Amino acid sequence: MTRAAAVPPASTLALRTSQLAAFLVPGVALSVPSGYSVGAAVLALAALVFVRQWWGQPWDRRAALLGSLIAVMGVLWSMSFDGWSLKPRNDQFYKYLFAIAGLGFLQLYAPKVRPLGWGMLAGALGAGLVAAWQAGWTDAHRANGFTNAIQFSGLALILALGCCFGVLLLWRSLAAWQRALGLVCSLFGLLAVVLSDTRGSWIVLPVVLLVGALMLWRCGLRKPVGLGLVAAVIGIGALVAVKGAEMAQRYHTAVTEVEQYQEQHQGAAQTSVGQRLAHWQLAWDMGRAKPLTGWGLQGYIDEKERRVQAGRASASVLGYDHAHNEVLDMFAKRGLVGVVLLLVFYAVPLAIFWPTRRRMAQCPGTPMDRQILYLRMLGTMVPLCYMGFGLTQVFFAHNSGHMFYVYMLVVLLGALIGRERALSVVCSTTRP
């Protein structure tokens, strides 16, 4: 695997800015309005200020791959696919362009793992506090942070899992108060998920925990798997004790709504589950009608209205501009071209970060570096979670979905490159 060449002497200001961005991207994502853009703005500004230092430097092969993918997806999201010509729809391309610049900057001035870890803790804690405030002292019937409740729940789950994995992996190197703080922040992140009163995140949680346990097991870390199982049992027990009756009721309601839709179709499309099923069916039918490039953004809305007026779809689908499923929404709007690129958008980060045995053998004869494993697990977890969230929600229909996904991956890869670079220097000096 090729890596960037040795970097020139680092600027103290640039390094501090890099650490600040690594903290802020997750640290204030859900705690303040548009918090997911704060860290991105700091990173973009740093990339512009220090452009003369990082411009022209060799790129790590993984960074070049991720940067190229971000560029392609920036073009995809910024185009409407209406008619035969592609017309710019919004400013997504510039947000993605700044992410590429940030990645170039972070290769030279890589952040350490510590500020990123503290950012995960602050982000999860902040999400829980905001959720508790909204649920207890405002008129909101469910916590939504400063964004959509479903988006809030999903991102809070990622932050909570990041805290949990960090505590499990770095347990030996943490003081007792740090372990306790990590567990508390994990619980606050899960509290935000609970108070959001949404169901999509709970579908994702078991899958991500299972994949995380398999990663740890394959890397020879049996004890963290055991500790994780104990924590999971305690957490599930506490959740059942607090929300068990409500969860059972919502499960029963979901099953009933599915059965009603199967029997009545449009007549049952007003329910929560029925409406999603109606959206999925409509998006599938529309995608099959124009499978290559889809109907386009405006074309999707216009065709949906025509089908409702013709009695071929329920009027309940008119209140949303997306299909409540990431792949089906892409299929209806941008066809198979969009679907393939979306799947690549998930698959490439998974391929880059997946912690194989060969990748974890950074320094033969020495213990495995747990910080590298932590970064790789986080980098794997983000696309996995987004894939799960996309089953019932179009995360990329919201600015929070774009900003958190892209800039979190950029920061994680920058930190991974920096950590591997530092470890390679240590290994080279300790070899006989």
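Can you tell me which condition W118 does not meet? The list is (1) at pLDDT 95 or above; (2) of a type in the set (F, W, Y); (3) more than 30 Å from L181 (Cβ to Cβ), and all the others hold.
Condition (3) is where W118 drops out.
What's the number of the only condition in (1) more than 27 Å from S196 (Cβ to Cβ); (2) outside any helix (DSSP H, G or I) that F105 fails to meet?
(2)
Could we say that V204 is β-branched (V, I, T), at pLDDT below 85 and surrounded by 14 or more Cβ atoms within 10 Å (Cβ to Cβ) here?
The answer is no for V204.
Mind checking whether some residue in the range 297-306 is open to solvent by less than 50 Å² (accessible area, probe 1.4 Å), among the hydroxyl-bearing types (S, T, Y) and in contact with a helix residue (DSSP H, G or I) (Cβ under 6 Å, 6 or more places away or on another chain)?
Taking every residue of the range 297-306 in turn, at least one turns out to be open to solvent by less than 50 Å² (accessible area, probe 1.4 Å), among the hydroxyl-bearing types (S, T, Y) and in contact with a helix residue (DSSP H, G or I) (Cβ under 6 Å, 6 or more places away or on another chain).
Would you check if there is a residue in the range 393-400 being modelled with pLDDT of 95 or more and out of contact with any Phe, Trp or Tyr (no Cβ under 8 Å at 6 or more places or on another chain)?
yes
Look through the range 196-235, keep the residues that are over 30 Å from A135 (Cβ atoms) and of a type in the set (D, E, K, R), and return whichever of them is nearest to the chain's Cα centre (by Cα).
R218
Tell me, yes or no, whether the range 409-417 has at least one residue that is open to solvent by 10 Å² or more (accessible area, probe 1.4 Å) and either at pLDDT below 95 or not small (G, A, S) (or both).
No, the conditions are met nowhere in the range 409-417.
Considering only the range 315-332, I want to know if a residue exists there that is over 30 Å from G418 (Cα atoms), of a type in the set (S, T, Y) and in contact with a helix residue (DSSP H, G or I) (Cβ under 8 Å, 6 or more places away or on another chain).
Yes, the range 315-332 contains at least one residue that is over 30 Å from G418 (Cα atoms), of a type in the set (S, T, Y) and in contact with a helix residue (DSSP H, G or I) (Cβ under 8 Å, 6 or more places away or on another chain).
Just to verify a result, which residue in the range 61-73, among those that are farther than 19 Å from H402 by Cα and not aliphatic (A, V, I, L, M), is surrounded by the most Cβ atoms within 10 Å (Cβ to Cβ)?
Top of the filtered list is R62.
State all residues of the range 290-317 that are among the small types (G, A, S), closer than 17 Å to W280 by Cβ, over 27 Å from the mean Cα position of the chain (by Cα) and part of a loop (DSSP other than H, G, I, E, B); if no residue qualifies, say none.
A313, S314
Is it the case, given these coordinates, that V327 is under 18 Å from the mean Cα position of the chain (by Cα), modelled with pLDDT of 95 or more and over 25 Å from R276 (Cβ atoms)?
no
Can you tell me how many residues in the range 354-377 are at positive phi and hydroxyl-bearing (S, T, Y)?
Result for the range 354-377: 0.
Name the residues in the range 364-407 that are within 20 Å of W171 (Cα to Cα), in contact (Cβ under 8 Å) with a residue 40 or more places away in the chain and not polar (S, T, N, Q), would you?
The answer is M368, D369, R370, I372, L373, Y374, L375, R376, M377, L378, M381.
Could you please give the count of residues in the range 139-174 that are surrounded by fewer than 18 Cβ atoms within 10 Å (Cβ to Cβ) and within 16 Å of Q371 (Cα to Cα)?
The qualifying residues number 4.
Quick check: is even one residue across the range 342-353 buried (at least 20 other Cβ atoms within 10 Å of the Cβ), at pLDDT below 95 and at negative phi?
no
When R334 is evaluated against the numbered criteria (1) touching a strand residue (DSSP E or B) at 6+ places or on another chain (Cβ under 9 Å); (2) of a type in the set (K, R); (3) over 18 Å from S78 (Cα atoms), which criterion, by number, is the only one it fails?
Exception for R334: condition (3).
Here is a yes/no grid of residues against (1) in a helix (DSSP H, G or I); (2) within 17 Å of L409 (Cα to Cα); (3) open to solvent by 10 Å² or more (accessible area, probe 1.4 Å); (4) in contact with a strand residue (DSSP E or B) (Cβ under 9 Å, 6 or more places away or on another chain):
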residue: S37; (1), (2), (3), (4): yes, yes, yes, no
residue: L48; (1), (2), (3), (4): yes, no, yes, no
residue: W59; (1), (2), (3), (4): no, yes, yes, no
residue: V75; (1), (2), (3), (4): yes, no, yes, no
residue: F81; (1), (2), (3), (4): no, no, yes, no
residue: I100; (1), (2), (3), (4): yes, yes, yes, no
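Restricting attention to the range 355-408, and to residues there that are over 20 Å from G212 (Cβ atoms) and among the hydroxyl-bearing types (S, T, Y), which single residue is most open to solvent (accessible area, probe 1.4 Å)?
Result: T366.
The values are calculated or read from the model by the stated rules, or taken from the named source; none is laboratory data. Keep in mind the model is a prediction, meaning the values are calculated, not measured. Cβ sites come from the backbone with ideal geometry, for glycine too, and all protein chains shown count toward neighbours. Keep in mind that these areas ignore ligands, DNA and RNA; they rest on the heavy atoms of the full protein, side chains included. Shrake-Rupley method; radii C 1.70, N 1.55, O 1.52, S 1.80 Å.
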